[in-house]
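Please treat every number below as a calculation from the coordinates, not as lab data. Predicted model only: the values in this text are computed from it and were never measured. Methodologically, a virtual Cβ is constructed for each residue, glycine included, from the backbone with ideal geometry; neighbour enumeration extends over all protein chains shown.
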Amino acid sequence: MEMKHRYFEDPIVRKIAEAEECVWLNPHLRPAEAALAALPYSRADVEDAALRLARFAPYIKRCFPETAADGGLIESPLTEIPHMAAFLRKSSAPCLPGRMLLKRDSDLAVAGSVKARGGIYEVLKHAEARACAAGLLRETDDYSILAEPEYKRFFQQYEIAVGSTGNLGLSIGIMSAALGFRVTVHMSADARAWKKDLLRSKGVRVMEYAGDYSEAVRQGRALSEADPMSYFVDDENSVDLFMGYAVAALRLQGQLAAQGIAVDAEHPLFVTIPCGVGGAPGGITFGLKLIYGDNVHVFYAEPVQCPCMLLGLATGLNQNISVQDVGLSGKTHADGLAVGRPSGFVGGIVRTLLSGAYTLEDDRLYNMMRALMECESIFIEPSACACLPAPSLLAAAPGMEAYLVAHGISAHMENATHVLWATGGRLVPEAVREEYRNTYLR
Ligand SMILES: *Cc1c(COP(=O)(O)O)cnc(C)c1O
């Protein structure tokens, strides 16, 4: 903690350390073309991931019939939420103009959260590599054969392991078990009981650790590395997870176009994503900047007690600082965001792409959750609700006027589109939803 003291001179770091709600506008944001040119990944990497998901579509369709309508692609609706927009405008002035849409990854098939993108993608990629290396699969095959018992027996000899606060474990666990892999999810003791129960019901081995999430990851990784037949999904450093998430941007592009929503210099797109370790929001950010360049403005939302990505970016220390280092507890009701240390890999990529980030108190999550249910009859989990107040929290930020002017969009905000990324919710059992609905923190 001693060596980190000099960072407290920065007013934003002081606010973060005091667990005060704040908005940070990224001083390192660069024009998209230059920022992207400096990165080691390109559009080809995202397209490669999209093609792989397309190869697996016949298999996904066969194993998870709920994806049949989308031809075996796991995708979520993009829904305008006019009543919620009216609620935000009425209950909190100021508020950025423009229409509001909800990207409902909360309804994603199979895993019920944004993790269905990265987590499932990484498992599929691993399965493809194993089966191809063994001569059992070619990229030109119809991948629905992977549901045959001989393939399940083949995958049975391998293990997939992951450390998770919950949703990543669900996506990795459900997909791995469906393919036939042995799978172990290492969880911190504070992970929700229903997630552990659901995983066990799918044949997933759940290991619990008394410490926090990082401890579960550390121990899980050590166990997996000692076993040559085991593959550890590393959500702090995985490029595969990242690219799986990035495919979301291609899908969003299709959905915006289908709804006739323009994104250009006179029609800015604002996207706000709840952020934990950074993989999901980072991948989506990368994909969106590739597509929309300077016309998309991406923000992250984090709990006041757990703003790990904001802290890493604002100090420039990335994974070398944790929220505990500045005296925060790391404890939040937003269990999907309860990560104390950000991914250094993601921090390095989004440093020049991200427009900014804000923090919010946990009680807002429940209030927003209730408001969305009342206004639009849509349930999303508390973590996901972190994105909902974006248009009003950003409007109130001291530097926001200047930001809009600097990007030449202050005269075009009536044409703006706000995409609020609802990251999870579908698998939450009714009894737990009821508990959430009745939670008031002040
Ligand atoms: C995991 C998760 C996030 C954030 O994703 P990271 O990759 O951890 O940053 C946001 N919301 C929900 C519901 C999640 O499960």
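A few comments on the model shown:
- Evaluating kT/(6 pi eta Rh) at 20 °C and 1.002 mPa s, with the Kirkwood radius of the chain over Cα pairs in the Stokes-Einstein relation, gives 98 µm² s⁻¹.
- Neighbour net charge for Gly169 - beta-carbon separation under 9 angstrom, K R +1, D E -1: +3
- Listed residue (Ala161, Val298, Tyr440) projecting farthest to the positive dipole end of the chain, Cβ model: Ala161
- When peptides 302-313, 31-42 are ranked by their average number of other Cβ atoms within 10 Å per residue, the highest-first order is 302-313, 31-42.
- Separation of alpha-carbon centers, segment 225-239 and segment 137-194, rounded to whole Å: 13 Å
- Amide H contacts under 5 Å for Ile160, placed H, 5+ residues apart: Arg182, Val183, Thr184, Tyr231
- Checking the Cα-Cα distances for Lys103/Lys125; Lys103/Lys195; Lys196/Lys289; Lys61/Lys196; Lys103/Lys152; Lys152/Lys196 against a 31 Å cut-off, the pairs over it are Lys196/Lys289; Lys103/Lys152.
- Computed E for Asp70/Ala134 - FRET, C-beta separation, R0 30 angstrom, nearest 0.05: 0.50
- Over 18 Å [Cα-Cα, segment 109-151], rounded percent: 35 percent
- Where Rh is the Kirkwood radius over Cα pairs, Rg/Rh for segment 376-442: 1.13
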